[in-house]
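First up is the structure itself, then whatever we jot down about it.
Where a number appears in this text, it was derived from the coordinates with a stated rule and is not lab data. Quick caveat: nothing in here was measured; it's all calculated off a predicted structure. So basically every Cβ, Gly included, is an ideal-geometry build from the backbone, and we count neighbours across all protein chains shown.
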Amino acid sequence: MKRKPVTLLLCCLCLVLLTGAYLVLKSSNEKAEQEAAEENGTEPILTISPDEVRSVSFQIDGSSATFSRTDDTDNWSLAEDADFPVDPSPITNMLGYLAPLGAVRTLTDTAALSEYGLDAPQNTIIVTTQDGTETTIALGNTNNSTGDDYIMLNDDSSTLYTISTELRSSLSDNLYDYAAGEELPTLMASDITNVDVSLDSQSLILSLEDNLWTVSDRDTTLADVDQDAVSQSISDLTGLSYVDFLDYNCTTPEQYGLNPPTATVTISWKDDSAGDSDETDSSDETEKNLAETETEISGNESEINNTEAEALSSETETDTENTGDTGAVQQLILHIGTTDESGNYYVQQEGSTEIHTMAADLIEKILGWTAEDFEAEPESESETETDADSQAAAEMETDFQTETDAEAEVETNSQTAAEAETDFQAETDAESETETDADLQTMTDSDAEAESETDR
């Protein structure tokens, strides 16, 4: 009876030792794989040209999804939903890791597939090329030491491989990560001319008139608007962006709180690019009409002369200069619904069937605007007194400057008068000197005549 407890104890001890030995061996193998990967790099085990691929399937959130195409273009379609708007970029990115697929380590002396998570793969990629060749890649566990993934090719359990995590990382568990949805327009604060926020039967309108913002709601229009506050809020609108794409063809918007919407934000802006396009079209049309007119002129000079053609040319040039001065006005009408579990708001553009989400911080900021937020603060008494003092000082300085200018003008006039008097005196002296010389000459001539008479 005493030997049974001893035997049981020995069995337990052996079990502990065996378990420890297994864990040590497993850890040693993983470290060996890590050292081999660092020493040897990767070895190509599969090469599939992306251009040759006609279909690729894998699991997305537990369900199989198959993307296919008929040629080497980017016109992919989803077998499970032919109308799904496929974005080719993530598919092209994933296929790029197969050209070639490199193994960090090749394992030929393998244990059970369950040791590598390949008895029930986490994902299975099936690639079919244009010649009908089908290649299967089973993704298993990730090696905790190296961070590499175990894979099996074409169900061949005799040889397994470890690869980098890039292939796994290129796959998504969200079908809409493979969708091409509508985009929001790129808004520039300087182009926005009007914003209308409607919420709970209330409406706040920001409108740009003669380069100044006006603010009004259904009750009143602000008499004095804080232009800087409005400009800052308008700049916030340029940060609107989608977080998630949820549905490309929504038929039940009420489940997102969008029928009717909780709020609606309407943004109007001037699209200069559209104006440039219109101007180009107008210019091309004008040149075409002018050319046709000149042809008619040359063909029938008796009806239209060259002078009329020149006048027509001048008129059309003037019309061209007057077109495109302002861009076409565009509008974004955004309906806002309830929030998801992350707090993001469901949104839908007017006339669209797509449902997206937007971050709560900006949406709540916009919906929280009130007319009072944009009302300019009245000046305090001290500020009024300061302004009055400044105005009085400015007026005094203006008066002083006026007096100084007047004195300077008087001084200048006096100096000019003195100079004029000096010039006049100089002219008078010159005339007197000339008369004196003439008198002396006359006297000399008289004396000479008298002396001559005496001699006779």
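What spacing in nm lies between the two simple spin-label points modelled at residue 415 and residue 13, each 7 Å away from Cα in the Cβ direction?
Once both label points are built, they end up 12.3 nm from each other.
When the C-alpha atoms of region 32-178 are aligned to their principal axes, what extent does each axis show, in angstrom, from largest down?
Taking the Cα atoms of region 32-178, the three principal extents are 49, 27, 23 Å.
Please give the Cα centre distance for region 189-216 versus region 330-369, rounded to the nearest Å.
18 Å
Can you list the HN-Hα couplings for region 253-260, worked out from phi with the Karplus curve (6.51, -1.76, 1.60; θ = phi - 60°), rounded to whole Hz and with x for Gly and Pro?
Listing the rounded values in order: x, 5, 5, 9, x, 10, 9, x Hz.
Using per-residue counts of other Cβ atoms within 10 Å, averaged over each peptide, order 327-340, 203-216 from highest down. Walk me through the numbers on the way to the answer.
On the way: 327-340: 17.3, 203-216: 15.5.
Final packing ranking: 327-340, 203-216.
Work out the FRET efficiency for residue 141 and residue 362 from their Cβ-Cβ distance, taking R0 = 35 Å, and round it to the nearest 0.05. Let's see the in-between values first.
Details: r = 41 Å, r/R0 = 1.17.
My answer for the efficiency is 0.30.
Could you derive backbone 3J(HN,Hα) for region 351-362 from the dihedral phi with the Karplus parameters 6.51, -1.76 and 1.60 (θ = phi - 60°), listing whole Hz in sequence and x where the residue is Gly or Pro?
My calculation for region 351-362 gives x, 9, 9, 8, 10, 10, 10, 10, 4, 5, 4, 6 Hz in order.
Would you calculate the separation in nanometres between label points at residue 238 and residue 80, each defined as 7 Å from the Cα along the Cα-to-beta-carbon direction?
Calculated label separation equals 4.1 nm.
Grab the Cα-Cα distance for residue 372 and residue 157, subtract it from 0.36 nm times how many residues apart they are, and report the gain in nm with one decimal.
Taking 0.36 nm per residue and subtracting the Cα distance, the gain is 70.2 nm.
Please give, to one decimal in nm, the separation of the simple spin-label points placed at residue 340 and residue 223, each 7 Å out from Cα toward the Cβ.
Computed distance between label sites residue 340 and residue 223 equals 4.8 nm.
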